[in-house]
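The values are calculated or read from the model by the stated rules, or taken from the named source; none is laboratory data. Because the structure is a prediction, the values reported are computed rather than measured. Reconstructed Cβ throughout: ideal geometry from the backbone, glycine too, with neighbour counts over all protein chains shown. Note: areas computed on protein heavy atoms with side chains; ligands, DNA, RNA excluded. Shrake-Rupley method; radii C 1.70, N 1.55, O 1.52, S 1.80 Å.
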Amino acid sequence: MRETRAAFYIPSMALKGTSALIGLLWLGSVAAHAAEAGSYKINPNDVLQITVFGQADLTGQYPVAVDGSLGYPIVGNVAVSGLTPSEVGERLGKALAQHIPGLAVTVSIGQYAPVFVLGDIRTPGKYEYRPGMIALELLALGGGAGRGESPSVTAGMQMISAQQEYADVQLQVFALQVRRARTEAELEGHVFEYALPATANQDDGNALKQRVIDGEKTLFTIRRNTLAAEERALGSQVDSFSDEIKTLQASIRLHNDEIALLQENVNSSKTLVDRGLAAKSSLREMERELSSTRRDALELGSFLARARQNQLAVQQRIASLGDVRRNESAASLQEIDLSLARMKRKSQSLLESMAEIARSSGNVSSSDIARKMIFTVLRSDNNGYQEIAGNERTEMKPGDILRVEFDLSKLSGPRS
């Protein structure tokens, strides 16, 4: 489950290919979905995960009622429908601050309101909502199109399913190719660039492809900036150790000079004691001071060796950062190439399946049936449910009801 998260501190208060495609699109668009999550508006039947640090009794999952309110300990019912998680966090934070000041409150979407699909599909019912879900995915979760009576209509529906899965596999292949280009750029240390062909039509498919590209570009930038930041931080540590080494070296030189002077004083004092011109106690005091200074010098030498060792360790870490990133990229490239090989085999298998279906589809083509697929979305608003005409690429919202219908009476094929 993907979570929408916002934190506040109060200082004083059956179509398997479709599902796989959506997963790849999410992985390729992490930053884009994160931005969308931040502006998500809470709906009835969402379940909020509320965490109040240090207050286990106030932490847990709380469902949003049908009227858009949230029942929460201490503060009672709070209207949250239509608010973002950050706005709910602010509202709860201010309310709690009146009773327990100084709390850190985190609000996230623990579970989105479910979506429903009904009509001419194999398995109508309630399904889990996921950010970015489109009508085609919900149709796939419902088992795809159903209720075709004649063999030709059934074959045509099978063709639709095969064509949809083939298109999804092609998009998966595209996503893997973009990811491979990004990983290769990281491996070779050059700038990542990837663009759709200039002749490509700007349809929904290309919009999805552009989102994949944008997501990989964002991920590339984040990873590159993270690596640069780590290198800068380690470089600062090296500079700090360099300053420490210089300071220790200067201190050691001063101690050595002081030891030389103290040694001269001890020698002079010995001469005076031997002649009976000075007391032995004075000589012993000078010798103790000389010994103490030598111990200090030895301790400084130990500190200097340790600082040099630490500096070397940090320098080795800096040198290994690039190697670690390149090793990760090389391993990722191997996995991506294997996945691409599998996807291409699957594409070939689907092409063969469509050719076989076409031979048995009679005089009712899949394009005829596709034109008769009617998508209608019922979406809740302040005035009840609003009916929205859609298509297979219509983006779903939590709580939506998707109705899929076929106008089989207008098909040209024979009916049994």
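Carbon and sulfur: what percent of the range 238-311's accessible surface (1.4 Å probe)? Working shown, then result.
Numbers: 2490 of 5070 Å².
Here it works out to 49 percent.
Can you give me the accessible area per residue for the range 46-111, using a 1.4 Å probe, in Å²?
Using a 1.4 Å probe on heavy atoms only, each residue of the range 46-111 averages 43 Å².
Could you work out what % of the accessible surface of the range 46-111 is carbon and sulfur, using a 1.4 angstrom probe and leaving DNA, RNA and ligands out of the count?
Details: 1450 of 2870 Å².
It is 51 percent, rounded to a whole number.
Using the heavy atoms of the protein chains and a 1.4 angstrom probe, tell me the accessible area per residue for the range 242-347 in square angstrom. Before the final figure, lay out the partial values.
Working: 7270 Å² over 106 residues.
Result: 69 Å² per residue.
Keeping all protein chains in position, work out how much accessible area Ser380 exposes to a 1.4 Å probe, and write it in Å² to the nearest 10.
Probe radius 1.4 Å; accessible area of Ser380 about 70 Å².
Which of the peptides 277-290, 115-128 is most tightly packed, and how do the rest follow, judged by the mean count of other Cβ atoms within 10 Å per residue?
Numbers: 277-290: 13.4, 115-128: 17.0.
With the highest mean Cβ count within 10 Å placed first, the list reads 115-128, 277-290.
What accessible surface, in Å², does a 1.4 Å probe find on Glu328, ignoring ligands, DNA and RNA and rounding to the nearest 10?
Probe radius 1.4 Å; accessible area of Glu328 about 90 Å².
Quote the accessible area belonging to His190 in square angstrom, nearest 10, computed with a 1.4 Å probe and with ligands, DNA and RNA left uncounted.
Taking all protein chains as shown, His190 has close to 80 Å².
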